[in-house]
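What follows is a single structure, written as structure tokens, with notes after it.
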């Protein structure tokens, strides 16, 4: 049994449902516009469903940034110790630190990992549609044929950069690949430039982020050459969603100590919305009457007798 069957079935249902809606409000049934908007609708549904995962990712990334100074101390503690016991203790203390702070080194990849089954299923659905093959659910053979023949600015949605000699296909595919790579780069760059604490600049976490800054756009750059235009439409819209979502989160939920956090504090201060720090009430000065009572405290009988003997 195909493990991706349920995801394929759900993708076809969402895709066909949106296509039916857009076809009924004025778009041509077989036009590229109705199918492209259906793909956009699919992106919105998928990404909206992943919002809780994204929020969790942001919190985990923030915790990873905040824990870097402690992690650096731990690494310094075991620096140069290569024996088995030291390595095991380091790994144990490191995992305990991650657990205590709610951090996850793989947090930045989590939404991408969760989207991979959806992406693979979408690829198979659209790849089958471009060959006029019916899907596993509501994507009938006639709908598959409609999709495979649909055109976007003169380019068929089922075509790929390397799979077509049509200049329209190559131009549109090249533009989409550049936009996909650029949007991914901008999204990662704004995290590093605006939402990181200066203390984490040279941490292992930030070195990983720098690698991803160039790796993920390169993945889109090379893999986009073999993807159908329909699949690239999904990833392009998804990247734009991520970029906008990331901007909103960084603006409103920045990492403490980051440039974005300072900018937010300044905005709140200008609007008079910055919460005031609680002040400790000043201790009142002792009044002369209180001082007099403290000086003229009642003396016990025993102490009074001792004074008389003296």
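How would 7, 167 line up from fewest to most surrounding beta-carbon atoms within 10 angstrom?
In order of increasing Cβ crowding within 10 Å: 167, 7.
Arrange the following residues from fewest to most other Cβ atoms within 10 Å of their Cβ: 116, 66. Write out the running numbers ahead of the final one.
Details: 116 11, 66 18.
Starting with the residue having the fewest Cβ neighbours, the order is 116, 66.
Determine the relative contact order of the stretch 1-65: mean sequence separation of Cα pairs under 8 Å and six or more apart, normalised by residue count, in whole percent.
Working: 28 pairs, mean separation 18.0, N = 65.
Relative CO of the stretch 1-65 lands at 28 percent.
Rounded, prolate or oblate: which fits the stretch 24-66, taking a ≥ b ≥ c as square roots of the Cα gyration tensor eigenvalues, rounded meaning a/c under 1.5, else prolate when a/b beats b/c?
Prolate shape, in that a/c is at least 1.5 and a/b is the bigger ratio.
Just want the ordering: 124, 78, from fewest to most Cβ atoms lying within 10 Å of their own Cβ. Kindly include the intermediate steps, with their values, before the conclusion.
Working: 124 18, 78 15.
Fewest-to-most Cβ neighbours within 10 Å comes out as 78, 124.
Based on the alpha-carbon gyration tensor of the stretch 208-278 and its eigenvalue square roots a ≥ b ≥ c, which shape applies: rounded if a/c is under 1.5, prolate if not and a/b is larger than b/c, or oblate?
Cα axes put the stretch 208-278 in the prolate bin.
Over the stretch 1-123, what is the relative contact order in percent, taking alpha-carbon pairs closer than 8 angstrom and at least six residues apart?
Computed value for the stretch 1-123: 33 percent relative contact order.
With labels modelled as points extended 7 Å from the Cα through the Cβ direction, what inter-label distance (nm, one decimal) is found for residue 79 paired with residue 95?
Between residue 79 and residue 95, the label points sit 2.6 nm apart.
Any read-out appearing in this document is the output of simple, stated calculations on the displayed coordinates, not a laboratory observation. It should be emphasised that the depicted structure is a prediction, and the values quoted were computed from it without experimental measurement. Because the Cβ atoms are built from the backbone with ideal geometry, glycine has one as well, and the counts that use them run over all protein chains shown.
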